[in-house]
Amino acid sequence: MHPMLTIAVKAARRAGTVITRASQDLGALKVRSKTFNDFVSEVDHAAERTIIETLQDAYPDHGFIGEESGNQNVEAENVWIIDPLDGTTNFLHGFPQYCVSIALQQQGQLTQAVVYDPNRNDLFTATRGRGAFLNDKRIRVSNRTKLQDSLITTGFPFRDFSHLDAYLAMFKDMLKKTSGLRRPGSAALDLAYVAAGWADGYWEIGLSSWDLAAGALLVHEAGGLVGDFEGNEGYLESGNIVAGNPRIFGQLLQTLAPHLTDALKSSAKS
Ligand code: IPD
Ligand code: CA
Ligand code: CA
């Protein structure tokens, strides 16, 4: 394993321990609402502190983009992008679908990824150019060729409803053109599941870089494609993302195309 990935895995597992311990007594947690429907608990903060301390010990000159603590030294050559608990709403309800997501960006390119699901003890990892793995076994995207046979995951808008009409139109079309839609509730795991071939594709509007950085590299390294709603780069900035195996990716883009407003196109300013 690449030495930087080894450190990221150590950080993710430590955060997983913090999260699992807290999951045993959800009633005792202090929860606060950042904005409408955007909850954060002391666990999110504690997990992020653990991750940053672990990475900083090994790499004192690296930068960080953390969901809870913001940006630190982001002009550095190496910047870690961290979601300490992806799927907080699930976590707070005891719904067992959430994870830790850590990615490394080197000179603007994603090079290392870890997505760790402490409930299933699933550790998804990738290093650019070296493939994607689940618990040390190589993973590949599915080889399904028809959208009609595909299982597709997505995320519902729940904080910002500015694209709700466009999203519902996409959803309606996807319902008719696929064999099933799922909304598991953790974007990083949704992408990891595409990488593992457990879902054939995924799309979501308006994510943040920490939701998708690690998952996007996993899909890429598992042989899949990732893009914005027109199939271009720039999803890390816009947060509008489509991912899938190479055959399904194009069919997802075609299905979304009639519903794209100007704000959802690649040319939109993020
Ligand atoms: C959320 C989850 C969810 C997605 C949201 C994200 P959080 O992350 O990934 O699946 O639909 O858009 O914000 O807030 O639980 O870290
Ligand atoms: Ca998240
Ligand atoms: Ca989070």
In degrees, nearest ten, helix 3-23 long axis to first principal axis of the chain (Cα) = 90 degrees
In whole angstrom, note down how far apart the Cα centers of region 212-270 and region 124-174 are.
-> 10 Å
Taking the Cα atoms of region 181-270, report the difference between the largest and smallest coordinate on each principal axis, in whole Å and largest first.
-> 33, 26, 23
Percent relative contact order for the chain, counting Cα pairs under 8 Å at least six residues apart, stands at 16 percent
Taking H placed 1.01 Å from N in the peptide plane, check which residues at least 5 places from Gly197 or on another chain put their amide H under 5 Å from its amide H.
-> Ser142
Under a point spin-label approximation (7 Å from Cα along Cα-to-Cβ), what is the Ala58-Glu75 distance to one decimal in nm?
-> 2.7 nm
Which three lengths, in whole Å and largest first, does region 3-139 cover when its Cα atoms are put on their principal axes?
-> 42, 34, 26
Counting only protein chains, not ligands or nucleic acids, how are Val226, Val242 ordered by accessible area (probe 1.4 Å), most first?
-> Val226, Val242
Distance in nm between pseudo-label sites at Lys10 and Lys30 (7 Å out along the Cβ direction from Cα) | 3.0 nm
Just how much of Ser162 is accessible, in Å², when a 1.4 Å probe is used and the result is rounded to the nearest 10?
-> 80 Å²
Listed residue (Ala199, Leu264, Gly234) projecting farthest to the positive dipole end of the chain, Cβ model | Ala199
Tabulate in residue order the Karplus-calculated ³J(HN,Hα) for region 106-113, using 6.51 cos²θ - 1.76 cosθ + 1.60 with θ = phi - 60°, rounded to whole Hz; enter x for Gly and Pro.
-> 10, 6, x, 10, 6, 10, 9, 8
Listed residues Asp165, Asp117, Asp228, most fluctuating in the chain (Gaussian network, C-alpha, under 10 Å) | Asp165
Residues with amide H under 5 Å of Lys146's amide H, sequence separation 5 or more or different chain, H placed in the peptide plane at 1.01 Å from N; which?
-> none
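What percentage of the solvent-accessible surface of region 147-269, computed with a 1.4 Å probe over protein heavy atoms, is contributed by carbon and sulfur atoms?
Answer for region 147-269: carbon and sulfur cover 52 percent of the accessible area.
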Report, for region 147-269, the % of DSSP beta bridges that are antiparallel, rounded to 5.
-> 55 percent
With Rh as the Kirkwood radius over Cα pairs, the chain has Rg/Rh of 0.95
Note, ³J(HN,Hα) from phi for region 252-268, Karplus 6.51, -1.76, 1.60, rounded to Hz, x at Gly and Pro | 5, 4, 5, 6, 6, 3, x, 9, 7, 7, 4, 5, 9, 8, 4, 6, 5
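The values are calculated or read from the model by the stated rules, or taken from the named source; none is laboratory data. Keep in mind the model is a prediction, meaning the values are calculated, not measured. Here Cβ is always computed from backbone atoms with ideal geometry, including for glycine, and neighbour counts include all displayed protein chains. In case anyone asks, the SASA skips ligands and DNA or RNA and just uses the protein heavy atoms, side chains included. Shrake-Rupley method; radii C 1.70, N 1.55, O 1.52, S 1.80 Å.
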